[in-house]
Amino acid sequence: KQEVTQIPAALSVPEGENLVLNCSFTDSAIYNLQWFRQDPGKGLTSLLLIQSSQREQTSGRLNASLDKSSGRSTLYIAASQPGDSATYLCAVRPRPGGGADGLTFGKGTHLIIQP
Amino acid sequence: DVKVTQSSRYLVKRTGEKVFLECVQDMDHENMFWYRQDPGLGLRLIYFSYDVKMKEKGDIPEGYSVSREKKERFSLILESASTNQTSMYLCASSFYREGEQYFGPGTRLTVT
């Protein structure tokens, strides 16, 4: 059964720092990997989607990488801002026929950017 | 932009009541999903649907059922609510079966 782990569980850094959030998964037979952010009490906002054939995706100050063979993904946030404070979730999608459909989520990294 | 809406942000129900959670998406997506989110357990898939009147069980379907009579609407039904179904419920949709999923704002359900 696929398991997704996110490290660290919580992170607090001063504004302006570059930071890296880590995600690992146990089964490399994935179709894609998606990063989300979730603000307290709210739904999930999709940040980046990386297909299994891709190595990275970029959107503004965010860059996500994927190393499928080692079961790892990182989310890089450049020049962090207080508005980046949220919980960041990583989720993987199995290949078609690779088990239950839908996404398997990590438990998230709770990020606080100090002004 | 994709918009996924859920009928209620907060809901309080009594044990044994039948509960309906509604989800509507406005982007003609074929695929819709229901998840629940609990502290320490993360998000888990309850049911999903790839077409009208079609449904498939996810990882934790027990105690739930779903209905999809129209493409844009996917309902989650708690036949007889129990306290262990107190949770945040999140609906999602995607255009392609394996495509990017877009989430609604969530419904926080409390069963007393």
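The values are calculated or read from the model by the stated rules, or taken from the named source; none is laboratory data. Keep in mind it's a predicted model, so treat the numbers as computed, not measured. Methodologically, a virtual Cβ is constructed for each residue, glycine included, from the backbone with ideal geometry; neighbour enumeration extends over all protein chains shown.
Of the set (1) surrounded by 15 or more Cβ atoms within 10 Å (Cβ to Cβ); (2) part of a strand (DSSP E or B), all apply to A:Thr58 but (1).
Whether any residue in the stretch A:79-86 is within 14 Å of chain B (Cβ to nearest Cβ) and surrounded by 15 or more Cβ atoms within 10 Å (Cβ to Cβ) is what I want to check. Checked against the condition, which is being within 14 Å of chain B (Cβ to nearest Cβ) and surrounded by 15 or more Cβ atoms within 10 Å (Cβ to Cβ), the stretch A:79-86 yields at least one hit.
Scan the stretch A:27-38 for residues that are more than 10 Å from chain B (Cβ to nearest Cβ) and at pLDDT 95 or above and jot them down. Correct list: A:Leu33, A:Trp35, A:Arg37. Strands (runs of 3 or more DSSP E) fully within chain B that include at least 1 residues being among the β-branched types (Val, Ile, Thr): B:4-6, B:10-13, B:19-25, B:42-49, B:64-70, B:73-78, B:107-111. Checking each residue in the stretch B:4-26 for being within 13 Å of chain A (Cβ to nearest Cβ) and among the hydrophobic types (A, V, I, L, M, F, W, C) picks out B:Val4, B:Cys23.
The rows are residues; the columns are (1) closer than 13 Å to A:Cys90 by Cα; (2) small (Gly, Ala, Ser).
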| site | (1), (2) |
| --- | --- |
| A:Pro14 | no, no |
| A:Cys23 | yes, no |
| A:Ala29 | no, yes |
| A:Asn32 | yes, no |
| A:Asp39 | no, no |
| A:Lys42 | no, no |
| A:Leu47 | yes, no |
| A:Ser52 | no, yes |
| A:Leu62 | no, no |
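Of everything listed in (1) of a type outside the set (Asp, Glu); (2) facing another protein chain (nearest Cβ under 10 Å); (3) surrounded by fewer than 20 Cβ atoms within 10 Å (Cβ to Cβ), the single unmet condition for B:Tyr47 is (3).
When A:Leu89, A:Leu66, A:Leu49 are checked against the criterion of being in contact with an Asp or Glu (Cβ under 6 Å, 6 or more places away or on another chain), in a strand (DSSP E or B) and of a type in the set (A, V, I, L, M), a single residue qualifies: A:Leu49. Each residue in the stretch B:78-112 was checked for being surrounded by 15 or more Cβ atoms within 10 Å (Cβ to Cβ) and basic (Lys, Arg), and 1 pass. The criterion of being within 14 Å of chain B (Cβ to nearest Cβ), of a type in the set (A, V, I, L, M, F, W, C) and part of a strand (DSSP E or B) does not hold for A:Leu75. Return yes when B:Asp38 is under 21 Å from A:Gln34 (Cβ atoms) and exposed (fewer than 15 other Cβ atoms within 10 Å of the Cβ) and no when it is not. So B:Asp38 passes the test. Out of the residues in the stretch A:39-72 that are farther than 25 Å from B:Arg36 by Cα and hydroxyl-bearing (Ser, Thr, Tyr), which is farthest from the other protein chains (Cβ to nearest Cβ)? Result: A:Ser70. The residue that is farthest from B:Met54 (Cα to Cα), among those in the stretch A:101-115 that are β-branched (Val, Ile, Thr) and crowded, with 17+ Cβ neighbours inside 10 Å, is A:Ile113.
Confirm whether A:Thr45 is surrounded by fewer than 19 Cβ atoms within 10 Å (Cβ to Cβ), under 13 Å from the mean Cα position of the chain (by Cα) and among the polar types (S, T, N, Q). Spelling it out, A:Thr45 is indeed surrounded by fewer than 19 Cβ atoms within 10 Å (Cβ to Cβ), under 13 Å from the mean Cα position of the chain (by Cα) and among the polar types (S, T, N, Q). The residues listed here are B:Asp28, B:Asp38; of these, the one that is farther than 17 Å from B:Gly104 by Cβ and at pLDDT 90 or above is B:Asp38.
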